[in-house]
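What follows is one structure encoded as structure tokens, with my remarks underneath.
The values are calculated or read from the model by the stated rules, or taken from the named source; none is laboratory data. Predicted, not measured: the structure shown is a model, and the values here were computed from it. Because the Cβ atoms are built from the backbone with ideal geometry, glycine has one as well, and the counts that use them run over all protein chains shown. Note: areas computed on protein heavy atoms with side chains; ligands, DNA, RNA excluded. Shrake-Rupley method; radii C 1.70, N 1.55, O 1.52, S 1.80 Å.
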Amino acid sequence: MDTSVSDLTLEEKASLTSGASFWFTKPIERVGVPELMLTDGPHGLRKQRVGGDHLGLGDSVPATCFPPAVALGSSWDPEVARRVGEAMGTEAAIEDVAVLLGPGINIKRSPLCGRNFEYLSEDPVVSGVLGTAIVSGIQSRGVGSSLKHFAANNQESDRMRVSSDIDARPLREIYLRGFQRVVEDAQPWTVMCSYNRINGVYASEDPWLLTQVLRDEWGFDGLVVSDWGAVNDRVAGLAAGLDLEMPSSDGRTDAQVVAAVRGGELDEAVVDVAAGRALELVRKASGSTAADITGPLDADAHHALARDAASRSIVLLKNDGDLLPLAADTSVAVIGAFATDPRYQGAGSSQINPTRLDVALDEIRRIATAAVTAAAGFSIEADAADEQQARLRDEAVAAASAADVAVLFLGLPARLESEGFDRDDIDLPAVQRQLVDAVVEANPRTVVVLSNGGVVALPFADSVPALVEGWLLGQAGGGAIADVLYGVVSPSGKLAETIPVRIEDTPAYLDFPGEFSHVRYGEGLFVGYRWYDARRLPVAFPFGHGLSYTTFAYGDLSAQVRGDGDVEVTVEVTNTGSRAGREVVQVYTSLPAGRVQRPVRELKAFASVELDAGERRTVTLIVRRADLAYWDVRFDRWVVEGGDYVVDVAASSRDVRGTLSLPVTGDDVSLPLTRESSIEEALADPGAGPVLREALGRSMGEGVDEMIAMVGSLPLGRMGMFGGAADETESLLERVLGAAGDVQS
Ligand code: BGC
């Protein structure tokens, strides 16, 4: 396609800035511009059959339902995330879909967010690294991705209007950091702006967000598409950098754009830019290798990949007395409705029509050689215990007592979590909590397997010897669970979000979800583990935690600043157990003597290492210099502060295995000394300091230090208010300012 913007009329250009229908852009037949299909996403392809319902939630063509982000995030495995991306790209290409709407990389600010199952982590490095892998995978197939939801869309309550009111540092360091990484490293073809406002401005019409940050600072050169229905004021949006409105406005907003140009309120050049980006997207899609990818879909291969990815995403939280893995000849009572009726994905726009569905009970029976009995234990929809639930519980207790081991499948019913609304609490239904107690009493050898998109409180964590966090694992989750229970696979996932003890302990508890369409991010930088660590709160299971069937020892550790400024950390890891396994090594840093507020430790890098029993390897991790930076509000830029950084190598955020101190040179940034500078700042200045100290010493004599302690915050320009002849103070000021070198930031 060689059409350019100059070939088009104003009306045609405007027509490219909004959709033709729910999933298609507009073609321009006169000049041979084809339509494009954009569709969900993010953990599989949701391509609606022709004639689908308007909301787009109805029937779609069968596609592989890969593990949703909540699970894939726990894999901490960019390799597997990339392979999943490639497979999704292949499925999209077979179905002639130009852009797959995902991944979603918003930060899990509160466990109550109803859409947390669609997001990867509470940490921007995990989200950024895995998001990059998924985007690269999808796009390697000649299909575009849409990085979403840009930005600060961290709740579902009032999501179409709410303003996320966030200070500059958390906005940059927590909420935008992952987006920045994916944009810079993977160049997604499109970025999807979110529904909400940020500090009062709709993301869909925010020039700071869509142009200054995304394009000018990060170098994004793709197309910005609105979330479906996120446009508030189309003309303002276009001017701000929102290229494509989706879905269709039935020509209404195109006419507004044309009228704004004709009326002189909008520069036609703005329309040219957006239309040019739409054409560029068409060019990328029509010239891409996707055309060479034809069906039929290898559903078996993709199902096998979904199983592998799911098994790497399962987190073994607890395994007292090595209750797991189960021997094939152990008799097992499989209890819980989720064992036969799997919850494997969340509700809403991400809902895939899977090519097949593994059921855990069947998969367990495929592996076990001893008796496997089954009992429902509870009805998924039930909350409180009634007569029927009591009967189900009694049957479960009888099955548990008769078996060597009870495996209890608990989870959140679909009605409790979905796109579109948030949860009220993090509790499992009462009927399930009561069932655990009864089953453990009947058979202390009980394993609990969880199916949940958002974290749940685990009041039974102490009484149950083995706990498996199975999240929502996609269509092959049942097989993956069986693989982990029986040790076909050694578990290796780690928590990408903290499991708190109580909802009251969580960072956003007091101001989530806000009121009157404003939500204040009062916890600032202290999201997830950053909060629990700073407040020294106990947690049920910490960020980064996950056990294996083998054990790993961390040995020699070293770190050095490389020529390019990045920090290279190496550590020896040995598999000290008796079977192969994968360990996710984590690097956290802090700067205890730093000048700005900082979390106790922050994740900066991670890497997986697969080791046979007894094998030892040196693992190398790169901490990017850019990730050491904080956002400096004085300069409105990233600044790496110089000093001795603490580098922790860890198996979880609360299991540090080795620490060292590393001197890092700071960025050369400086603020000039002015009359607004404080006495303290002037005293710290190499040039001005001695001049001022000498003058203060002369006028105050012995008590000078006490005096400085008291008036150190006084701006230089106001020194005259405390006595002394005006002309003398003025001449001192001039001497001090004249002697100033620059004050180091
Ligand atoms: C969701 C997006 C999705 C779009 C299209 C919106 O409601 O927020 O994530 O891609 O619908 O289905």
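Summary of computed values
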quantity	calculated
Qualifying residue in the range 183-193 (condition: farther than 24 Å from Ala285 by Cα and open to solvent by less than 30 Å² (accessible area, probe 1.4 Å))	no
Residue that is modelled with the lowest pLDDT [pool: residues in the range 53-75 that are part of a loop (DSSP other than H, G, I, E, B), touching a Phe, Trp or Tyr at 6+ places or on another chain (Cβ under 9 Å) and within 25 Å of Gly142 (Cβ to Cβ)]	Gly56
Pairs, first under 19 Å from Val639 (Cβ atoms) and among the small types (Gly, Ala, Ser) in the range 164-188, second modelled with pLDDT of 95 or more and open to solvent by 40 Å² or more (accessible area, probe 1.4 Å), C-beta under 6 Å, six or more apart	Ala168/Val633
Test: residue in the range 340-347 that is open to solvent by 20 Å² or more (accessible area, probe 1.4 Å), at pLDDT below 95 and not charged (D, E, K, R)	yes
Ala291, sole failed condition from (1) buried (at least 16 other Cβ atoms within 10 Å of the Cβ); (2) not in a loop (DSSP other than H, G, I, E, B)	(1)
Qualifying residue in the range 595-606 (condition: surrounded by fewer than 21 Cβ atoms within 10 Å (Cβ to Cβ), out of contact with any Gly (no Cβ under 7 Å at 6 or more places or on another chain) and assigned to a strand (DSSP E or B))	no
Single condition Glu29 does not satisfy, out of (1) in contact with a helix residue (DSSP H, G or I) (Cβ under 9 Å, 6 or more places away or on another chain); (2) more than 16 Å from the ligand (Cβ to nearest atom); (3) open to solvent by 10 Å² or more (accessible area, probe 1.4 Å)	(1)
The one condition in (1) closer than 26 Å to Ser349 by Cα; (2) touching an Asp or Glu at 6+ places or on another chain (Cβ under 7 Å) that Leu412 fails to fulfil	(2)
Of all residues in the range 348-358 being open to solvent by less than 30 Å² (accessible area, probe 1.4 Å) and either over 18 Å from Arg307 (Cβ atoms) or aliphatic (A, V, I, L, M) (or both), the one that is nearest to the ligand (Cβ to nearest atom)	Ser349
Sole exception among (1) over 21 Å from Gln345 (Cβ atoms); (2) more than 16 Å from the ligand (Cβ to nearest atom) for Pro62, by number	(1)
Residue, nearest to Gly142 (Cα to Cα), within the range 263-275, restricted to residues that are in a helix (DSSP H, G or I) and open to solvent by 20 Å² or more (accessible area, probe 1.4 Å)	Val273
Residues located in the range 623-649, provided they are touching a strand residue (DSSP E or B) at 6+ places or on another chain (Cβ under 6 Å), of a type in the set (Val, Ile, Thr) and farther than 17 Å from Leu176 by Cα	Val623, Val646, Val647, Val649
Breaking point among (1) open to solvent by 20 Å² or more (accessible area, probe 1.4 Å); (2) assigned to a loop (DSSP other than H, G, I, E, B); (3) in contact with a Leu (Cβ under 9 Å, 6 or more places away or on another chain); (4) away from the ligand (no atom under 16 Å from the Cβ), for Val397	(2)
Test: residue in the range 243-254 that is open to solvent by 60 Å² or more (accessible area, probe 1.4 Å) and not polar (S, T, N, Q)	yes
Hey, Arg718 open to solvent by 40 Å² or more (accessible area, probe 1.4 Å) and over 28 Å from Leu591 (Cα atoms) or not	yes
Close pairs (7 angstrom Cβ cut-off, 6 or more residues apart or separate chains): of a type outside the set (A, V, I, L, M) in the range 293-306, surrounded by 15 or more Cβ atoms within 10 Å (Cβ to Cβ) and part of a loop (DSSP other than H, G, I, E, B) anywhere	His302/Thr64; His303/Thr64; His303/Thr355; His303/Gln475; His303/Ala476
Any pair with Cβ under 6 angstrom, 6 or more apart, that starts in the range 99-126 at a residue that is more than 22 Å from Val501 (Cβ to Cβ) and within 16 Å of the ligand (Cβ to nearest atom) and ends at one that is acidic (Asp, Glu) and part of a loop (DSSP other than H, G, I, E, B)	Arg115/Glu156; Arg115/Glu419
Wholly within the range 508-581, strands (runs of 3 or more DSSP E) carrying at least 2 residues that are hydroxyl-bearing (Ser, Thr, Tyr)	552-561, 567-575
Candidate set: the range 86-126, residues that are over 19 Å from Gly346 (Cα atoms) and within 19 Å of the chain's Cα centre (by Cα); chosen: the one surrounded by the fewest Cβ atoms within 10 Å (Cβ to Cβ)	Val125
